[in-house]
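Below: the structure, in structure tokens.
Derivation of every value follows stated rules applied to the coordinates shown; laboratory data play no part. These numbers were taken from a predicted model, which means no experiment stands behind them. Methodologically, a virtual Cβ is constructed for each residue, glycine included, from the backbone with ideal geometry; neighbour enumeration extends over all protein chains shown.
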Amino acid sequence: MPLQQPIFRKVWFASLASNFGGLIQAVGASWMMTSIAASPDMVALVQASTTLPVMLFSLAAGAVSDNYDRRKIMLTAQGFMFVVSIALAVFSWSGLITPWWLLTFTFLIGCGTALNNPAWQSSVGDMVPRRDVPAAVTLNSVAFNIARSVGPAIGGAIVAAAGAFAAFAINALSYIALIAVLARWQPPKVERLLPRETLWIAMGAGLRYVAMSPNIRSVILRAFAFGFGGIVALALLPLIARDLIQGGPLIFGVLLGAFGVGAVGGAFMSARLRRLLTTEALVRMTFVAFAVSVALIAVSTSLWLTMPALCVGGACWVLTLSTFNATVQLSAPRWVVGRSLALYQMGAFGGMAIGSWAWGRAVLHYGTEQALLMAAVILLVGAALGLRYALPPLEALNLDPLSRWREPKVAVDIEPRSGPVIVTIEYLIHEEDVVVFLNAMAERRRIRRRDGARHWTLLRDLTNAELWIERYDSPTWVEYIRQNQRVTQADAEIGDRVRALHKGENPPVVHRMIERQTGSLPRVAAVQAQMITESLSDPRSV
């Protein structure tokens with residue numbers, strides 16, 4: 001069990017305290033906006049301002065988390081949010097807060113979240129064994145939603161009794177425990193045999209990996225659809241409490257608490273549901289159930305009907321997002337897990353940010369009830385996407401490095417940044433095996449390109465019908481080494497299948513070459529210019 005790991009247990013409890021503070025702050029910010037802004041779309045923008053930074057900055061944060069000390073990244077992010085939260089409390093207490101200042105502070109807190117999340121979520125694999133990752137992801141959702149089930153109601157009472165300033169001050173204090181735990185954690189040092197990738201190269205590698213990974217692409221698309229439709233329940237909840245239920249900040253907190261209670265229930269049901277249903281069946285069920293709950297909220301004017309509907313929505317929320325998160329974690333090796341999670345979060349939080357704005361605009365034009373009903377339709381569309389973009393089974397692939405490859409000895413002096421490096425591999429394939437070989441090489445091409453190979457091609461010799469040549473290149477020698485060290489145990493099957501089809505007496509012949517110019521460019525240009533001059537001075541050239 002994940003909680004048997006001491007560091008995970010300490011971080012989990014500290015995160016629980018931080019989540020309480022964050023949700024109390026969210027209640028204060030949302031309700032304060034209803035008091036200082038007349039437009040309903042400004043209320044929805046509070047949610048958008050928190051989620052937008054995750055969409056904008058997660059990829060860069062994921063690249064940083066894969067290349068630097070994740071503990072230090074989390075400490076930096078938590079310290080930044082601590083300072084911003086203190087500033088928000090001071091502005092609120094002094095009466096300087098305006099709608100745009102409030103959005104600025106919530107946006108900055110969202111920036112801290114964007115930096116923290118990839119490092120925190122990819123650190124789960126450093127705190128617990130890989131087989132416990134799905135359970136650890138679910139426990140993290142439980143921690144957040146335990147806080148959500150009680151924190152908002154407490155936040156509503158605090159705002160009603162002492163104002164938003166008190167909620168902001170409590171949130172600032174809630175960061176202290178987590179900062180203290182992270183400061184004392186000493187994770188094992190990972191020896192780096194290769195230099196760190198630059199930020200842009202690392203971001204490009206993450207994008208390339210996800211683009212060439214169908215499972216992760218499907219998760220991101222479905223997460224965007226879920227975030228876009230599902231966020232309506234949270235983005236419009238202050239308006240639901242005020243306009244549909246005719247309540248105040250305490251009722252708003254109670255409704256948000258009902259959502260959290262459902263989420264905790266969903267987290268506890270997740271293990272049983274995953275045994276009974278496939279991953280895709282579970283996700284389709286949660287999309288449809290969430291759509292029904294949103295439709296009920298739209299037509300309800302009763303607190304006692306809206307609360308159970310929000311409970312169902314909360315359960316669907318945690319079941320869906322924890323399934324998405326675990327699927328990404330189990331579909332990405334450690335070297336790129338931070339970037340993969342970051343891109344997933346960009347999809348999910350991007351959907352939430354755009355949805356928060358869109359549903360706020362929809363309220364302006366059509367009213368709260370119609371906006372909720374439109375979001376329910378979007379959720380049904382998200383369920384239908386599973387017919388084309390089904391999620392893979394939630395199983396732990398062996399994504400540990402294959403470790404078969406050894407850096408070859410070279411007869412030419414090269415530096416790590418020397419390149420481009422051209423690689424050719426020669427296979428002898430009998431005619432009856434060509435179709436099987438081509439199918440295997442299609443998967444081989446995806447893996448090569450996913451791990452960093454460029455310009456991959458497959459050639460057939462015109463004079464020897466059995467000779468096939470695989471060709472690709474890497475920009476530098478160090479990138480060639482990096483690419484080969486990224487091959488995982490799960491990729492070994494394709495390599496073994498291709499080698500088994502090779503009919504030569506010896507293994508496939510590999511040539512590694514470095515591209516070189518035939519002469520210095522200025523010298524070549526001068527010679528060409530001299531040749532042109534001599535040609536023009538020769539009467540026979542006219």
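Other residues whose C-beta falls under 15 angstrom from the C-beta of L467 contribute a net charge of -4, scoring Lys and Arg +1 and Asp and Glu -1.
Here the dipole of segment 421-521 is about 520 debye; that uses its Cα centre as origin and unit charges on the Cβ of Lys and Arg (positive) and Asp and Glu (negative). Which Cα, out of Y175, F324, A281, lies furthest along the positive dipole direction of the chain (beta carbon charges, K/R +1, D/E -1)? Farthest along the dipole direction, towards plus: Y175. Rounded to the nearest 0.05, what FRET efficiency do V299 and R388 have when you use their Cβ-Cβ distance and R0 = 30 Å? For V299 and R388, the calculated efficiency is 0.45. As a rough guide to protection, the peptides 205-211, 94-100 ranked by mean Cβ packing within 10 Å, highest first, stand as 205-211, 94-100. Measuring r between the beta carbons of R460 and A271 and using R0 = 41 Å, the FRET efficiency lands at 0.20. In this structure, the amide hydrogen of V509, modeled 1.01 Å from its nitrogen in the peptide plane, lies closer than 5 angstrom to those of E426, counting only residues at least 5 positions away or on a different chain.
Sorted on the mean count of surrounding Cβ atoms within 10 Å across their residues, most packed first, peptides 222-229, 17-24, 83-90 read 222-229, 17-24, 83-90. Comparing Cα centroids, segment 453-479 and segment 230-272 end up 56 angstrom apart. Considering only V510, L221, L3, whose Cα is most displaced toward the positive end of the charge dipole of the chain, charges sitting on Cβ of Lys, Arg (+1) and Asp, Glu (-1)? About the Cα centre, the residue reaching furthest to the positive side is L3. The label-point distance for I36 and A161, in a model that sets each label 7 Å from Cα toward Cβ, rounds to 2.3 nm.
Only Cα pairs under 8 Å and 6+ residues apart enter the sum, and on that basis the relative contact order of the chain stands at 19 percent.
Remark: spin-label model distance H430-V509 equals 2.2 nm, labels positioned 7 Å along the Cα→Cβ axis.
Placing +1 on the Cβ of every Lys and Arg and -1 on the Cβ of every Asp and Glu, with no other charges, gives segment 262-363 a dipole of roughly 240 debye about its Cα centre.
Computed from the C-beta positions of K72 and V377 and an R0 of 45 Å, the FRET efficiency is 0.50 to the nearest 0.05.
Note on the chain: helix-only mean residue ellipticity at 222 nm, from DSSP H runs of 4+ residues weighted -39500 (n - 2.57) and normalised by residue number, equals -24000 deg cm²/dmol.
Sorting W200, W405 by the number of Cβ atoms found within 10 Å of their own Cβ, with the fewest placed first, yields W200, W405. With a cut-off of 13 Å between beta carbons, the residues surrounding K10 carry a summed charge of +3, where Lys and Arg count +1 and Asp and Glu -1. Taking the Cα centre of the chain as origin and assigning +1 to Lys and Arg Cβ atoms and -1 to Asp and Glu Cβ atoms, the resulting dipole is close to 780 debye.
Counted by Cβ distance under 14 Å from I414, the other residues give a net charge of -1, where Lys and Arg count +1 and Asp and Glu count -1. Using C-alpha pairs under 8 Å with a sequence gap of at least 6, the mean separation divided by the residue count of segment 421-521 gives a relative contact order of 44 percent.
Compared with the dominant principal axis of the Cα atoms in the chain, helix 6-36 is inclined by about 60°.
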